[in-house]
Amino acid sequence: MKKIISFDLDGTLVNARYGDMVWNHGIPLEYSKKYNMSFDEAKGLIRKQYESVGDADLLWYEIDRWLDKFQLSVTSEELLERYESQIEPVPYAQEVLEYLGQKYMLVIASNAARIFVDKELDYTNFRRYFTRIISATSDCKMVKKEDRFYQWLCGELQVSPDEIIHIGDHPVFDHDIPSRVGIESYCLMSEQPHADDSLDLDGRRTITSLKELLDRL
């Protein structure tokens, strides 16, 4: 019997625009001002640095280390506050959380750094729905790229994998890895057309909106 539903955050419950503005606008803008170059040139240089690390590495998520690396004087708190108006729930997020919260324990299991997780949950007032809020990268020093994170999550919540459902927008981190551990997982692919079958051509359980999740559970 399912007891817990675990949600990713960015791109799943909250629009990914906020993180994009911080990482791909705010930091390049500060860089362009410090080093007297165009915004586009700064953005290109910054993106190359990000891509040289990749999203499977802890460094990708550690904003303070990037600010130190680029020798920028702006603080991460200032950047996150500057763009907080970009934080926006995805369609049906609140309705789905209200409904599922009456039947399951809800938890957040996000790769985003704790500073992002806290800002987004407080701004949307979503914190009240969750019993546990976990930043894999800040709290566990792990990326959701390997089995051991989800094994740790099961142990931390004192349940077996078949008692958890996980939902997220990353096909590997939020679907393939937890599925391999034995967790029923759904990949939110809102840009994809609706499929008649719950499995797409890659063999993944997919949903095109959070509302569709209610029909699958």
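Coordinate-derived values only; no laboratory data. Since we're looking at a predicted model, the values are computed, not measured. Note: ideal-geometry Cβ built from the backbone for every residue, glycine included; neighbour counts use all protein chains shown.
Odds and ends about this structure:
- Estimated 222 nm signal from helices in the chain, with DSSP H stretches of n ≥ 4 weighted -39500 (n - 2.57), rounded to 500: -11000 deg cm²/dmol
- Highest-MSF residue in the chain out of Ala136, Ala93, Ala112 [GNM, Cα springs under 10 Å]: Ala93
- Net length available on complete extension from Glu78 to Arg127 is 15.5 nm, with 0.36 nm assigned per residue and the Cα-Cα distance removed.
- Of Val22, Gly54, Gln86, farthest towards positive along the dipole that unit charges on Lys, Arg, Asp, Glu beta carbons give the range 1-106: Gly54
- On Cα atoms only, tilt of 39-53 relative to the major axis of the chain in degrees: 50
- What the Cβ-Cβ distance of Lys2 and Tyr92 gives, at R0 = 25 Å and to the nearest 0.05, is a FRET efficiency of 0.80.
- Taking a point 7 Å from the Cα of Lys33 along the Cα-to-Cβ direction, the residues of the range 44-87 with backbone N closer than 11 Å to it are 73-75, 79.
- Rounded is the label for the range 17-85, because a/c, from the alpha-carbon gyration tensor with a ≥ b ≥ c as root eigenvalues, stays below 1.5.
- Entries of Lys34/Lys69; Lys2/Lys144; Lys33/Lys119; Lys33/Lys69; Lys3/Lys119 with Cα pairs more than 19 Å apart: Lys2/Lys144; Lys33/Lys119; Lys3/Lys119
- In the elastic network of the chain, a GNM with C-alpha springs shorter than 10 Å, the most mobile of His175, His166, His25 is His25.
- In nm, spacing of pseudo-spin labels at Cys140 and Gln71 (7 Å Cα→C-beta vector): 3.7
- R0 of 22 Å, Cβ-Cβ distance Val159-Gln102: FRET efficiency to nearest 0.05: 0.70
- Here the chain is assigned +1 on the Cβ of each Lys and Arg and -1 on the Cβ of each Asp and Glu. Its dipole about the Cα centre then comes out at about 400 debye.
- Straightening the chain between Ser85 and Asp64 buys 5.4 nm, computed as 0.36 nm per residue apart minus the Cα-Cα spacing.
- Mean sequence separation of contacting Cα pairs (under 8 Å, at least six apart), scaled by the length of the chain, corresponds to a relative contact order of 24 percent.
- Most fluctuating residue given options Asn36, Asn24, Asn15, as computed from a GNM of the chain linking Cα atoms under 10 Å: Asn36
- Listing Tyr83, Tyr31 from fewest to most neighbouring C-beta atoms within 10 Å gives Tyr83, Tyr31.
- Placing pseudo-labels 7 Å out from each Cα toward the beta carbon at Thr208 and Asp176 gives an inter-label distance of 2.4 nm.
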